[in-house]
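Peer 1: Here's a structure for you.
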Amino acid sequence: MSLSLSKIIFMLNHFSDLGISTELQQSLTALKITVPTDIQEKVIPVLLNQKEDVVALAKTGTGKTGAFGLPLLQLINVEDTNIQAVILAPTRELGQQIYNNLVSFAAHSPKISIASICGGIPIKPQIERLKANTHIIVATPGRLADLVKREAINIKNISFLILDEADEMVTALKEGLDSIIKEIPKKRRTLLFTATMPGAIKQLVQNYMSKHVVQIEANMATIGHQGIDHQYVVVEPIEKLEVLLHFLNSKQGERGIIFCKTKAAVNKLAKNLAINKFSSGAIHGSLTQGIRDRIMGQFREGFIDILVATDLAARGIDVKEVSYVVNYHLPDTYDAYVHRSGRTARAGASGLSLTIIQKEEVEDISDFETELGISLKPFKKADAKSIEENNGLLWAKKIFKTKPNREISEDFKTKVKTIFHHLTKDELIEKVLANHIAQKSISNTKQDSSNKKNRI
């Protein structure tokens, strides 16, 4: 009895062991967060009890927002009306996610005021919001730099600067970041979170952080790849789409993200998925923020199962129960692969990261394995018969989802019914299916013939 009780007490007090306040613990309990992650255990005591700048190396899905957000909320002086902390994120999606998490953490700390000032939405309401007392702002660099230029915000007295997904920020948004850093006091605490340590990050640490930096690393050998089954499949260019469609049909009802290299590729693939009646949506940088938010909302709430996206548009997406990620194009960098595959297997779940490649890319697989310390296993490609059957199922699904044409005359419908009336349902299906396969065969023969002529 006493042992069991002590275990219960330990579980209840685990966040308090790190120094987290009662109010924040109440919020965590309501959110059903009971056990700190590896990065939270390592970062929280340092932020609460020390004064140094911090560089934290942790991959996506490791609980980074809690690692910096919980101690930050606790360190805010509610009596001080100045902005005390700036959190920068590379995209609005990630910024909004951080903001929502902080608001949830602060549910029992009503005096703390948090504002989101990210790009892609009208600036005037944000300017109005900033006239009220604000302790913490979550921002994208471009929008914050714009507000500073307009003198709509005062960040000259901040005590904390947090850079989340910094590896993405320095490469994509360096100009805005530089102008912000010029505005804030040198005597501040800078907390930098990154999944990788490229040269640009090391340079940023050297330029903008103190000489005494505490470097913290999550369990990189397992965290970030834990629970992810990495696989690849080799295809001919002509069969790439059909192999993908076969895979997606096998995952019907599950949520997944497909990554493409370009906006044009995203649009083309999304169109093919729509034609084949898959529940899907697409996001990329050229879409308006309103459309991106709407698609993301539909995906997050389960109204669509498949998200087709570019790397930047999908940065920071944290959606639970994403069971698979597909790299429709091999990413250009190892970092991109880490961020892509990290969209699945969140919160202790398992997931599949499938990369579709061509023969000339096979040699790249071993480089990814060596660099990232992972093993990519071959995925069994569907054979010709399975592909053909899948195409038949997709055709049947298209028919099922086709809306009746109300303009067809009753007289014509009666004539057609007369032809089929003596057939049973099973007989009709057999004949329609046989006709479809025959037509498909003729079409393929014509295509092969055309390809031969072109080669000649």
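Peer 1: Under 8 Å for C-alpha pairs, at least 6 residues apart: give me the relative contact order for the chain, rounded to a whole percent.
Peer 2: Dividing the mean separation by the residue count of the chain yields 16 percent.
Peer 1: Using a Förster radius of 51 Å, what is the FRET efficiency between V103 and F420 based on their Cβ-Cβ separation? Nearest 0.05, please.
Peer 2: Calculated value: 0.25.
Peer 1: T288 to K385: extension gain in nm, 0.36 nm per residue of separation minus the Cα-Cα distance?
Peer 2: Stretched fully, the T288-K385 segment lengthens by 30.7 nm.
Peer 1: Please report, for the Cα atoms of the stretch 185-327, the Rg to one decimal and the Dmax as a whole number; what are they, in angstrom?
Peer 2: Cα-based Rg and Dmax for the stretch 185-327 come out at 19.1, 59 Å.
Peer 1: My understanding is that a pair violates if its Cα-Cα distance is over 29 Å; which of K268/K431; K202/K261; K156/K263; K59/K398; K186/K263; K268/K320 do that in this structure?
Peer 2: Pairs exceeding 29 Å: K268/K431; K156/K263; K59/K398; K186/K263.
Peer 1: Using amide H atoms built 1.01 Å from N in the peptide plane, name the residues 5+ places from R255, or on other chains, whose amide H lies under 5 Å from its own.
Peer 2: S323
Peer 1: Kindly provide the GluC sites (Glu not before Pro) of the stretch 379-441 that DSSP labels as loop, not H, G, I, E or B, and whose Cβ sees at most 12 other Cβ atoms within 10 Å.
Peer 2: Passing sites in the stretch 379-441 are E407.
Peer 1: How long is the gain from S16 to Q231 if the chain were fully straight, where each residue apart is worth 0.36 nm and the alpha carbon distance is subtracted?
Peer 2: 73.4 nm
Peer 1: What shape does the stretch 71-193 take by its C-alpha gyration tensor, where a ≥ b ≥ c are the square roots of the eigenvalues and a/c under 1.5 counts as rounded, a/b above b/c as prolate, and the rest as oblate?
Peer 2: Rounded is the answer for the stretch 71-193, as its axis ratio a/c remains below 1.5.
Peer 1: May I ask for the net charge around A265, where only other residues with Cβ less than 15 Å from the Cβ of A265 are counted and Lys, Arg are +1 while Asp, Glu are -1?
Peer 2: Neighbourhood net charge equals +4.
Peer 1: In whole Hz and in residue order, list the ³J(HN,Hα) couplings for the stretch 199-214 that follow from phi through the Karplus curve 6.51 cos²θ - 1.76 cosθ + 1.60, θ = phi - 60°; x for Gly and Pro.
Peer 2: x, 4, 5, 4, 5, 4, 4, 5, 7, 10, 10, 5, 5, 9, 10, 8
Peer 1: Hey, what do the phi angles of the stretch 259-275 turn into as Karplus ³J(HN,Hα) couplings, whole Hz, using 6.51/-1.76/1.60 and θ = phi - 60°, x for Gly and Pro?
Peer 2: Per-residue couplings from phi come out as 9, 10, 6, 10, 4, 4, 5, 4, 4, 5, 5, 4, 5, 5, 5, 5, 4 Hz.
Peer 1: Points 7 angstrom from Cα along the Cβ direction at S279 and A30: gap in nanometres?
Peer 2: Result: 3.1 nm between the two label points.
Peer 1: Hey, another quick one. Two-decimal Rg/Rh of the chain from alpha-carbon positions, Kirkwood Rh?
Peer 2: 1.06
Peer 1: Right, next: Evaluate the charge dipole of the chain about its Cα centre and quote only its size in Debye, nearest 20, assuming +1 on the Cβ of each Lys and Arg and -1 on the Cβ of each Asp and Glu.
Peer 2: It comes to approximately 1300 debye.
Peer 1: I would also like to ask the following. Under 5 Å between amide hydrogens, which residues at least 5 positions from V308 or on another chain qualify, with H placed 1.01 Å from N in the peptide plane?
Peer 2: Close amide H contacts, sequence-distant or interchain: I258, G281, A282, I283.
Peer 1: Just want the answer: with Cβ charges of +1 for Lys and Arg and -1 for Asp and Glu, which residue in I238, V338, H284 is farthest toward the dipole's positive end in the stretch 228-384?
Peer 2: Value: H284.
Peer 1: Count the net charge of all other residues whose Cβ sits under 15 Å from the Cβ of K211, scoring Lys and Arg as +1 and Asp and Glu as -1.
Peer 2: +4
Peer 1: Got a sec to turn the phi values of the stretch 403-417 into Karplus ³J(HN,Hα) couplings, 6.51 cos²θ - 1.76 cosθ + 1.60 with θ = phi - 60°, whole Hz, x for Gly and Pro?
Peer 2: 6, x, 8, 6, 8, 5, 5, 4, 4, 5, 4, 5, 4, 5, 4
Peer 1: Full extension from K401 to L48: what is 0.36 nm times the residue separation minus their Cα-Cα distance, to one decimal in nm?
Peer 2: Between K401 and L48, full extension yields an extra 121.4 nm.
Peer 1: Amide H neighbours of Y232 under 5 Å, at least 5 residues apart or on other chains, H built in the peptide plane: list them.
Peer 2: Those qualifying (amide H under 5 Å, at least 5 residues apart or on another chain) are T355, K377, F379.
Laboratory data are not the source of any read-out in this text; all were calculated from the coordinates shown. These numbers were taken from a predicted model, which means no experiment stands behind them. Glycine gets a Cβ as well: all are built from the backbone with ideal geometry, and neighbour counts include every protein chain shown.
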